[in-house]
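Below is one structure; the comments refer to it alone.
Taken together, the values in this text are just the output of simple stated rules run on the coordinates, not laboratory data. Not measured: the values here are computed from a predicted model. When we count neighbours, we look across all protein chains shown, and the Cβ atoms used for this are built from the backbone with ideal geometry, even at glycine.
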Amino acid sequence: MKWLPIPILVVVAGLAGCADSRTPPPAPQAAAESSQSSILDPLVLQQKPDNAISVRDALKRKEGETVVVTGRTPPGNVKPFNTGVAAFVLMAPEDLAQEDIKEELECEDAATCPSCKKLLDQFAVRVELVDESGAVLPTSAEGFRGLKPGDPVTVEGEVKRDGKDKKTVRIVARKLYPG
Amino acid sequence: MLPWDYGVRNLTRRPLRTVLTGLGLTLVVFLLLLVVGFVRGLELSLAQSGDPEVVLLHNVNAAENLENSSISDEVATLARTEFAAHLVRYGDTAALSPEMTIASRVGRSDAEGQGQLGVLRGVDWDRAFLVRRQVALVEGTIPVRGEVLVGRLVPAKLGLRTEDVTVGSTLLVEGRPWRVSGRFAAPGTLLESEIWCDLGDLKTAVRRPNDVSVVAMRFDPKGDPARQMGYVEYFCRNRRPDLELMGSREAEYYAALQKHYGPMRAMGWLLVGLVAAAGACGAVNTMYAAVAGRVREFAALQAVGFPRRAIGLSLLQESVILSAAATLVAAGLALLLVQGVAVRFTMGAFTLQLDRTALLVGCGAGLALGVFGAIPPAVRAFRLPIADALKAV
């Protein structure tokens, strides 16, 4: 047992070497959040608009109309937030609550499977937050002021209709109210 | 403890039984290595085929089978502009390759019959190698019109001999003869079982002048992969939803295919377990027979003072020496005869791989047979009291 202190001393010396008294560099996440805020903050409305329409109504609007749309981002499996730019998907809460839609969107591959895509084309609007020149903002909206999949969002923007039959709706938004 | 050479000498006392038992163990371990080599070859070829820097733009309805994908010709030009800031570049040229992949009957031009199903890939020769880093020309020249470049595993995929698919030979594809201008290597990937030709040539041959199967792009590895996929998704879903595109990381595509072949891999591992179990039963049976004839010997050793533990260890020693020798022979034979042998399957061909995992499983099983093969007979041998065992016949 006389040899026991030696390995203990070695372990303690090793642990002491791991301690660093220098100031750690700023966490990368904090820097990213600061950049996201600086890009998206100018778009935030002070309060939720009163004249917001639902996603169901937005899907019927014509190309070029300016609308205020309120909806909810689908669940996490769908990956509703784009990871590179400020674009996301909104659906009406009533549609998200329907059993068949809930079941479809619970599938593991909801972000990529063709049947989920068809469902989103039918029941969802794609929102993109743009700057004054119309270019989409180069930061993800996820995490901005705590935004996460399943959260409500209200946006104000112009309706664009895409796809071969012009049935899929995109909102090019310049105003945002998270919540 | 009993001397070491006691156990070794016992193996030579009955040479025929020792050789036959060793042969049986060698066969079992060889079979194990063969099956594990098959499973590992399939797993590794699917894992290595996907380049982590490559993103594929394909039809949204063909996420699980890119050979069924068809997208507009213009996608390559659009993507080159859209992702210009994020792609790997070689001078002014972006690493972006439009490709058409089809499955077609391929055979020797002088043979009868339709030939076997082969995978053809039409590529832009100026760009393909910028994206397909795993591919290297090993013989011959880049094809011109009417010529093809074949992977090293193409003969195995087509059920032909290597001599039938040499530079200068002719293959019949889509009813047309194509001269083989060269061979390429893409070790450990499914690309090696493909036949490559000029993209324009293939589009003419299959009468699809306005589309391609995929656009393969290499993104800058220094960029944020999540952001890069975000840009791709934005292009596909928001900018050009009319083109019905989807972007997939090539590595993730092949990882999904791994899952698709999960049942086959599971059956392979089940076969490994069954072969190992059969081998264990055979080993135990042989050891039972060997021990049954030595009951008086063990009783005599106990009578002179050796404990049961020492005798049991000596039995274990004999069994493990035999199984270790058999395992070494089996591993040597497998590395000589099995390693690198090409196997054809639906998607292409791959080679049997006796990598570290395969050797660990095979050799571990072989040694385990020696250990567990000795225990039950040893337990049985010591059940009899010494006095009765000395009188046993």
Next on the checklist: For B:246, A:91, B:1, which order do you get if you count the other beta carbons within 10 Å of each Cβ and list the fewest first?
Outcome noted: B:1, B:246, A:91
Checklist entry - To the nearest 20 debye, what is the magnitude of the charge dipole of the range B:54-220 about its Cα centre, counting +1 on the Cβ of each Lys and Arg and -1 on the Cβ of each Asp and Glu? => result 200
Checklist entry - Can you pull the mean other chain C-beta count within 10 Å for peptide A:108-118? => result 3
Checklist outcome for this item: Taking a straight Cα-to-Cα line shorter than 12 Å from residue A:167, and setting aside same-chain aspartates and glutamates fewer than 8 residues away, one finds A:63, A:121, B:242
Item to check | Charge-dipole axis of the range B:191-238 as Lys and Arg at +1 and Asp and Glu at -1 on Cβ define it, positive-most pick from B:216, B:206, B:228 | outcome: B:228
Checklist outcome for this item: So, over other residues within a Cβ distance under 15 Å of residue B:64, counting Lys, Arg +1 and Asp, Glu -1, the net charge is -2
Next on the checklist: Sort B:311, B:142 by Cβ crowding within 10 Å, fewest neighbours at the top.
Outcome noted: B:142, B:311
Next on the checklist: Just want to confirm a number: the relative contact order over the range B:1-152, from Cα pairs under 8 angstrom separated by 6+ residues, in percent.
Outcome noted: 12
Checklist entry - Among the listed pairs A:79/A:117; B:203/B:259; A:148/B:222; A:79/B:259; A:60/A:117; A:62/A:164, which are separated by more than 23 Å between their Cα atoms? => result B:203/B:259; A:148/B:222
Checklist outcome for this item: Within the range A:55-96, DSSP-loop trypsin sites (Lys or Arg not before Pro) with at most 15 other C-beta atoms within 10 Å are A:60, A:62
Checklist entry - Residue by residue, what Karplus-based ³J(HN,Hα) values in Hz, rounded to whole numbers, does the range A:139-153 have, using 6.51, -1.76 and 1.60 with θ = phi - 60° and x for Gly and Pro? => result 8, 6, 7, 5, x, 5, 6, x, 5, 8, x, x, 8, x, 9
Checklist outcome for this item: The ³J(HN,Hα) series, computed from each phi in the range A:52-61 with the Karplus coefficients 6.51, -1.76 and 1.60 at θ = phi - 60°, rounded to the nearest Hz and given as x for glycine or proline, is 6, 9, 7, 4, 4, 6, 4, 5, 9, 6
Checklist outcome for this item: Taking a ≥ b ≥ c as the square roots of the eigenvalues of the Cα gyration tensor, with a/c under 1.5 meaning rounded and otherwise prolate when a/b exceeds b/c and oblate if not, the range A:43-178 is rounded
Checklist outcome for this item: The long-range amide H neighbours of residue B:211, using H built 1.01 Å from N in the peptide plane and a cut-off of under 5 Å, are B:73
Item to check | Relative contact order %, the range A:43-178, counting alpha carbon pairs below 8 Å whose residues are six or more apart | outcome: 34
Item to check | the range B:96-169: trypsin sites (Lys or Arg not before Pro) in DSSP loop, at most 11 other beta carbons within 10 Å | outcome: B:145, B:161
Checklist entry - Peptide B:226-238: average number of partner chain Cβ atoms within 10 Å per residue? => result 6
